[in-house]
1. Any number yet on Rg/Rh for the range 33-124, C-alpha, Kirkwood?
2. May I ask what percent, to the nearest 5, of DSSP beta bridges between residues of the range 33-181 are antiparallel?
3. Work through the residues other than THR99 whose Cβ is under 14 Å from its Cβ and net out their charges, Lys, Arg +1 and Asp, Glu -1.
4. What does the accessible area per residue of the range 1-95 come to in Å², with a 1.4 Å probe and no ligands, DNA or RNA counted?
5. What is the P(r) of the range 78-139, as percent of Cα-Cα pairs per 10 Å bin from 0?
6. If you roll a 1.4 Å probe over the range 30-172 with all protein chains in place, what percent of the accessible area is carbon or sulfur?
7. Can you sort SER152, SER14, SER91, SER143 by solvent-accessible area, 1.4 Å probe, largest first?
Amino acid sequence: MKKGLMYDARSIASRDPAAKSTLEVILLYPGFHALVYHRIAHWFYKKKRFFIARFISQFARHFTGIEIHPGAKIGSGLFIDHGMGVVIGESAEIGDNCTIYHGVTLGGTGKDKGRKRHPTVGNNVLIGAGAKVLGPFKIGDNSTIGANTFVSFEVEPFSTVVGVKGRTVKKAGKRVDNPSESLDQIHMPDPLSQEICKLANRLQHLENMICDIGRASSENSQPLNKKNENNTINK
């Protein structure tokens, strides 16, 4: 149930440490302005006034840098931080109290009209800057999509997904793998780093095996050499 634009503004002000007041959000935040325009455009869209709805959304796109199709369904308390380059498709659905950073795409696949082609985002989901979420699947409640992650599959609730080709690295707050190192700056394991570390460990193990074999061969050959030397002297 939508709680109104004032709730949206207060929610943004409470979650953005840079916001000094709710009034600042209302007057100066493009993410909030995009929501205002979308509420109006979506009303016309539901009334089947598609041209007017699309005109309002395109005006908002030029004014805010955020493109939201008037058909998209957006819950309460959405925080679009900075917002430049955000694209939200026609059949996308976003739950309550979500956070979306700049450069995010909630895009579709396929060309079938009248069918759902865009993702459904649950409640309390965070989508990092530059992430691309493409397809008619669901991002579960309380999940996190890392920056620049590409997601094309269903994400369970309380999951964390990172990587250029997204991989689930946490489920229900617990890591799926046990990485030897975590190199990122936002406390999320790096699946590519995990694979490199595993390969490095295997390479080190193989090198140790080769050294042990070489050492054993050297030790075994020394008595034979001494025996051959003794036989030569006796002759």
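The values are calculated or read from the model by the stated rules, or taken from the named source; none is laboratory data. Remember, predicted model here, so these are calculated numbers, not experimental data. Positions of Cβ are backbone-derived with ideal geometry, glycine not excepted, and every protein chain shown enters the neighbour counts. Side chains included, ligands, DNA and RNA excluded: accessible areas come from the protein's heavy atoms. Shrake-Rupley method; radii C 1.70, N 1.55, O 1.52, S 1.80 Å.
1. Rg/Rh for the range 33-124 comes to 0.94.
2. 20
3. Within the 14 Å Cβ shell, the charges total -4.
4. 54
5. All Cα pairs, binned at 10 Å, distribute as 26, 57, 17, 1 percent.
6. Result for the range 30-172: 58 percent of the exposed heavy-atom area is carbon or sulfur.
7. SER14, SER152, SER91, SER143
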